[in-house]
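The values are calculated or read from the model by the stated rules, or taken from the named source; none is laboratory data. All values reported here derive from a predicted model rather than from experimental measurement. No Cβ is skipped: glycine too gets one built from the backbone with ideal geometry, and neighbour counts run over all protein chains shown. Note: areas computed on protein heavy atoms with side chains; ligands, DNA, RNA excluded. Shrake-Rupley method; radii C 1.70, N 1.55, O 1.52, S 1.80 Å.
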Amino acid sequence: MELGVAPVGIHASGIKRRLWRNSCLAAGVVFVLSWLYQLGVGDTVSWFMFSKALASTAGVLIAASFVLSGFCYYFDFLDTKLGYRKYLGLVGFYGALAYSVSLVLLYPERYSWGLWQYWNEPEVLLGLAAMAILAGMAIISNTKMMQVLGPARWRQYLRLGYVALVLFVIRAYLMEHEVWLAWLAQGTGLPPGRLVLSAIDLGVIGLRGSMIISQFVRKRNQAQAPNQSSPHHLLGGRVVLWLIVVVAVVLAAGYYSYHYLSLRPVVPPAFVPVAPGETAETPEQPAEPSSSAPQPTSDPALSFLKLPPGFVITVFSDEWSSQRVSAPGPGTGPRLMTVRGEAVYLGVPREGRIAVLRDTNADGRADLATTFVSGLKRPHNIAFQGNTAFVAAEDGVWSMRDDNQDHVADDGSVQRIVQLPTGGHWTRTVKVIGDKLYVAVGSSCNVCHEQDERRAAITRCELDGSSCATFAKGLRNTVDFVEYEGVIYGTDNGRDELGNAIPPEEVNVIQEGGNYGWPICYGDRVHDSDFDKNVYIRDPCADSQAPLAKLPAHNAPLGLAVYTGSEFPSQYQGNVFVAAHGSWNRQPPDGYKVFMVNRQSGAVEDFVTGWFQGSTVRGRPVGVVNYQGGLLISDDTAGFIYLVRYAP
């Protein structure tokens, strides 16, 4: 960050004014670009967004300061020309200071009078340590302090700034690594802002690493040949720089090919396709039919799936069955489904569309696949009110018409009526209940206090998207919910990083005004003391809603349906069927099944199992919906939609 020597003939004070002015202008440009970037990733205009833009500006300017210092090291002639390295760093520090002040103003319960309760949290400790280092650098970044400390020691103290960058990267990772992993797995949209800044900081740290190696080579050469001048130390450092560039290019190419060219490595647990006619296990033979009418039988290729006696399972659609890798988060296949007449509408987020499947010859298998609407940002599900359709995409709820009922949205009718925050848990689910819209949005994090009341909640709006208000909150990630006989049932995914056994996943009865506990409570009103360090006079979870049923931790329950048909035996009718997508961070893995939850008692039992065997994942169920007396189950990893029937 130190200032270079002023060119002869130009007054020093004039140079300083120009450097300050241009550095501040650069800060303004970076701030505007940061603001626009956040708008691009779907953030809404708010003071919180302003605060994040300040942080991004500070990070970029400080990183630029260190990069310029590195250039001066490798190219000595630049030392008198890049005085901006000091002033960009100072403006960056003041930006970081302004960001810290904004945190105090926006979150006084955490960073002001409430700081003492969180002083031992890694996020707070790392941030305070990094800011202390930057403050020290700002204090000594002048000629007088260089004279007091001596040039060698002064430069050593300034290099502590690289430690601050390391602390910032670690802090950012701890705060939102789930968001990073989700974006890396999905590969759509702009990357999270902190991920971009962390990548920049890592590049700067790599530059510093090349300088350290270069200095080591120089000292070794001087020891071996004291009287010989050699640029080998610079060459050694530049080799490291080129290695960094090559590694970055290889990683970028690998990422691009993984997501866009289908060059995907087979990594465990991998989906194992089952060829037609394969019979790894002999399926149970259904009992003799009670009439002469043909009875459905299980598909032999699905013999690895286990159901209660009398039930059969077949492939209703294999439209998306080409995927061969299971990874955390959504696969490329179908997600939530909606049945309207003989048509099955389903969200295909990776393709940006709502697809329509129809079984035109009534043989129990879809033979016609079309697109209802496309070009949306990760659409997850669709709901109908008359001829008006509502699609929940990551960035909002979109309405459209199908007045001629041709299973295609009418031209010119698509419009966004509700804007939603993006990122974090990306799924959005919309339902029409009565004459209102209900929209579920998951949290932005693993566990945190949300600033946006739409997060970790279900919001109720008018059908035109107006008058939106919170219906229920404390729902970390309710991926699906349904209404049955005036009662709303919904799934909820519990937080991570508390071990393999807790917290339980939930099926809730969702009531207006209900608080379901997250982030300070989970399960049956259990206080999350790992996150919430406050001390209470009374139980902070006493007023939260207990779940109808608790499912095993990390099973990731997504879609659900109350069985409304008459084909299944009486003990199955009126109960809730829940698709568990399966764990991604639990050892051993668990889930990958469909549960049945007794709607009266909350008792849980397995209904369909077998997608996970040993270390092999053959599918990951997502959605469940009633269909012509049976149940359809979507699988976004195997790419199938299954049809479960009862045929004793």
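Of note:
- Annotation for the range 471-528 versus the range 567-627: alpha-carbon center distance of 17 Å.
- Computed with the Debye formula from one identical point scatterer per Cα of the range 137-176, without solvent, the log10 of I(q)/I(0) at q = 0.17, 0.19, 0.30 Å⁻¹ comes to -0.51, -0.58, -0.92.
- Rounded, prolate or oblate (a/c below 1.5 giving rounded, otherwise prolate when a/b exceeds b/c) for the range 597-648 by Cα gyration tensor: oblate
- Label zone at K306 (point 7 Å along Cα-to-Cβ), backbone N below 17 Å, the range 609-648: 609-619
- The length gained by stretching the chain between Q613 and L36 to full extension, at 0.36 nm per residue less their Cα-Cα distance, is 203.1 nm.
- Oblate is the label for the range 447-502, because the ratio a/c of its alpha-carbon gyration tensor axes (a ≥ b ≥ c) is 1.5 or higher and a/b is not greater than b/c.
- Summarising the overall dimensions of the range 470-593 from its C-alpha atoms, the Rg and Dmax are 15.3, 53 angstrom.
- Taking 0.36 nm per residue of separation and subtracting the current Cα-Cα distance, fully stretching the chain between V339 and I433 would add 32.3 nm.
- Alpha carbon convex hull of the range 539-626, volume per residue in cubic angstrom: 120
- FRET efficiency for E512 and Q405, using Cβ-Cβ distance with R0 set to 35 Å, rounded to 0.05: 0.60
- Legend: calculated FRET efficiency, Q156 to A132, from the Cβ-Cβ distance at R0 = 22 Å, rounded to 0.05, equals 0.85.
- Once backbone amide H atoms are built at 1.01 Å from N, F372 has I354, A355, V356 as its partners under 5 Å, excluding neighbours fewer than 5 places away on the same chain.
- Added length on full extension, which subtracts the Cα-Cα distance from 0.36 nm per residue, T388 to V526: 45.5 nm
- Three-way shape call for the range 364-410 based on the alpha-carbon gyration tensor, with the a/c threshold at 1.5: oblate
- Cβ crowding within 10 Å averaged over residues, with 529-539, 408-418 ranked highest first: 408-418, 529-539
- Cβ-defined net charge surrounding R340, 11 Å radius [Lys, Arg +1; Asp, Glu -1]: -1
- Percent carbon-and-sulfur accessible area, the range 491-575, ignoring ligands, DNA and RNA, probe 1.4 Å: 47
- Solvent-accessible surface (1.4 Å probe) assigned to Y157 amounts to roughly 100 Å².
- Converting phi to 3J(HN,Hα) with the Karplus coefficients 6.51, -1.76 and 1.60 and the offset θ = phi - 60°, the range 465-480 yields x, 8, 6, 6, 8, 5, 9, 8, 9, x, 9, 4, 7, 8, 6, 8 Hz in sequence order, with x at every glycine or proline.
- Cut-off 12 Å between beta-carbons: net charge of the residues surrounding D492, Lys and Arg +1, Asp and Glu -1: +1
- Heavy-atom accessible area per residue - the range 424-540, 1.4 Å, Å²: 40
- Rg/Rh ratio calculated on Cα atoms of the range 334-484 (Kirkwood radius): 0.98
- Label point 7 Å beyond Cα of N500 along Cβ direction - residues of the range 561-587 with amide nitrogen under 17 Å: 582-587
- Charge tally around V507: other residues with Cβ under 11 Å, Lys/Arg +1 each, Asp/Glu -1 each, net -2.
- Label point at R358 placed 7 Å out along Cα→Cβ; residues across the range 367-401 whose backbone nitrogen lies under 15 Å: 367-373
- Heavy atoms of the protein chains alone define the surface here; on that basis the range 546-609 has 35 Å² accessible area per residue at 1.4 Å probe size.
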